[in-house]
Structures are given as structure tokens and as C-alpha cells.
1. Can you name the condition, by its number, that residue 147 falls short on among (1) within 30 Å of residue 24 (Cβ to Cβ); (2) surrounded by 15 or more Cβ atoms within 10 Å (Cβ to Cβ)?
2. Name the residue that is farthest from residue 201 (Cα to Cα), counting only residues in the stretch 159-181 that are buried (at least 19 other Cβ atoms within 10 Å of the Cβ) and within 16 Å of ligand 1 (Cβ to nearest atom).
3. Could you list, in sequence order, the residues of the stretch 1-17 that are away from ligand 2 (no atom under 16 Å from the Cβ) and assigned to a helix (DSSP H, G or I)?
4. Could you list, in sequence order, all residues of the stretch 6-23 that are within 13 Å of ligand 1 (Cβ to nearest atom) and either touching a helix residue (DSSP H, G or I) at 6+ places or on another chain (Cβ under 7 Å) or at pLDDT below 95 (or both)?
5. Residues in the stretch 195-210 that are surrounded by 23 or more Cβ atoms within 10 Å (Cβ to Cβ) and part of a helix (DSSP H, G or I): how many?
Ligand code: DX5
Ligand code: ZN
């Protein structure tokens with residue numbers, strides 16, 4: 001397994017040219033495509049749904065698609081995204097009435113399950129779920145928008161989650177989402193993350209490869 005995964009968030013891509021944008025970022029060295037789903041209910045913004053995920057698959061995208069559900073309720077969207085070709089699906093536990101059932105639904109649908117924790121969400125929800133998860137997504141901004149600043153307290157939280165994962169003894173990915181840039185990715189990795197979502201840092205630059213290479217160089221140091 002590749003130690004560090006870089007997952008560009010297409011939230012900051014040019015949606016009028018989405019297929020070409022995904023091709024470009026994968027050609028530039030991205031590992032996974034991060035797909036932000038917002039419903040103007042759980043979060044105050046509205047983005048893209050399963051039809052767009054399926055459209056990317058039909059267009060020919062074979063890379064893993066990491067669906068981050070910022071919707072409430074979650075279960076119907078889990079099923080729809082699994083059918084649409086999602087690889088990983090994560091949801092916010094407070095948006096599901098039955099968290100364990102939703103995790104099981106992701107697994108049963110053939111996808112890799114994850115839980116997403118907001119900056120102020122406690123880690124308690126991992127107590128009885130951690131061993132069932134493929135990934136934990138720690139939000140380092142409040143969900144809803146790209147281009148926000150990294151919340152530094154997340155570094156302490158990452159260290160705690162890393163210890164929990166080590167104690168659990170399973171190979172669970174620790175993903176970080178929000179405000180990830182070339183100049184902070186190394187500190188984030190040192191705190192325990194091994195999968196990095198980056199939207200504006202990549203798509204707001206003309207040369208995606210230059211940014212991804214710079215991130216990998218930081219991670220290699
Ligand atoms: C925020 C989304 C993030 C966001 C990251 O709710 O979950 O994936 O797009 O964007 P940047 O990297 O610009 O903070
Ligand atoms: Zn996200």
C-alpha cells in the first residue's frame with residue numbers, strides 16, 4: 001500500500017470541464033479523487049450527486065473515488081453512490097440515526113467505509129466502530145466550503161487518532177480534509193495523517209503536477 005495518498009477535491013475544479021479536470025489531476029500524479037457531496041441541509045452549500053459520479057465512471061475514470069457525504073440522512077445516498085461507482089464512502093456520524101447500520105450498509109454495498117469528524121466532534125463515536133472502518137476523515141475546517149484555513153487544533157486530534165489506530169492494530173487510513181497546502185502537509189503527516197485531501201491548493205494553481213510533486217517532496221523529507 002502506498003504510504004501517503006493525495007486526494008484532490010474536485011470541489012475546486014472547473015465543473016464545466018470536469019472530466020478533463022479529473023484526467024489532468026490524475027495525470028499529474030493524484031492517487032484518489034475526493035468527491036464532496038453537500039445537500040444545503042447538513043451543510044450550507046449544494047454540490048454534486050451520484051449522477052456526476054456515474055458520469056465520471058462512464059467517461060472512463062478508473063481511479064478510486066472517495067465520496068465524502070455531507071448530507072442528512074445518509075443511507076439513501078450510500079446506496080446511490082455505491083451504484084454510481086464510488087470506491088470509498090464516508091459520512092458524518094451526527095447525520096445518521098444509526099451509525100453502525102450506515103457503516104454496514106457501505107460495506108455491504110461493496111465500498112470502503114469511513115467516518116468523518118468535524119473539528120469540534122469528539123472521538124467517542126470511534127469507540128465501537130473503529131475496527132469496522134477503512135478510513136477516518138478528520139475535518140480540519142468546518143465542512144461546506146473549499147478554500148478555508150486549516151484549524152491548527154486538528155494536529156492534536158490527529159495524534160490521538162493515530163494512537164487509537166495503532167492500538168486497534170488495523171491498517172486504517174487517517175485522512176485529513178481542509179486547508180491542506182504544500183507548506184503544512186509535512187506537519188500534518190508528522191501528526192499522523194496518511195491521506196491528504198487538497199482542493200484549492202491544487203486546482204487554483206495552473207500546474208497541478210508542480211503542486212502534487214511539491215507535496216510529495218514535503219512528505220519525503
Ligand atoms: C469541505 C470539503 C473539502 C474541501 C477542501 O467541506 O470537505 O474537501 O473541498 O478544500 P480546500 O483544500 O480548499 O480546503
Ligand atoms: Zn471533503
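1. The number of the failed condition is (2).
2. Top of the filtered list is 173.
3. Residues satisfying the conditions are 16, 17.
4. 6, 8, 10, 12, 13
5. Here the count works out to 2.
Results for (1) in contact with a strand residue (DSSP E or B) (Cβ under 9 Å, 6 or more places away or on another chain); (2) assigned to a loop (DSSP other than H, G, I, E, B), shown as yes or no for each residue.
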| residue | (1), (2) |
| --- | --- |
| 124 | no, no |
| 149 | no, yes |
| 155 | no, no |
| 160 | no, no |
| 183 | no, yes |
| 186 | no, no |
| 190 | no, no |
| 214 | no, no |
| 219 | yes, no |
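The values are calculated or read from the model by the stated rules, or taken from the named source; none is laboratory data. Note that this is a predicted model, so its numbers are computed, not measured. We place every Cβ from the backbone using ideal geometry, glycine too, and count neighbours over all the protein chains shown.
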